[in-house]
Amino acid sequence: MSDGLKSSLDIAMARTKEIVGEEAVSLSEDQKIRIADIRREYDAKAAEKKILLAGNEELTAELQKVFQEKEEKIRAVYAEGK
């Protein structure tokens, strides 16, 4: 490490690396676009579930399924970058 002053960003990145224990994955522009599309698609699905199941006790479970599917698809895109 250098003896010079560090920016807040450098300090935050160093702490993140300590906590996560791995280097950040560099994503291509295509991967970033695909992740954004996945997020938009699944945010829309969640909104649809909220409307269709408003007041229904199944809402929480359905939203959890949508969230898990979204995270799995995003993880798959990240895995391509490793």
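Derivation of every value follows stated rules applied to the coordinates shown; laboratory data play no part. Quantities reported herein were computed from a predicted structural model and do not represent experimental measurements. With ideal geometry, Cβ positions are generated from the backbone for all residues, glycine too; neighbour counts draw on all protein chains shown.
Charge tally around Lys49: other residues with Cβ under 10 Å, Lys/Arg +1 each, Asp/Glu -1 each, net 0.
If the segment from Leu5 to Ala61 were pulled out straight at 0.36 nm per residue, it would be longer than the present Cα-Cα gap by 15.3 nm. Summing +1 for each Lys or Arg and -1 for each Asp or Glu among the other residues whose beta-carbon sits under 15 angstrom from that of Glu29 gives -1.
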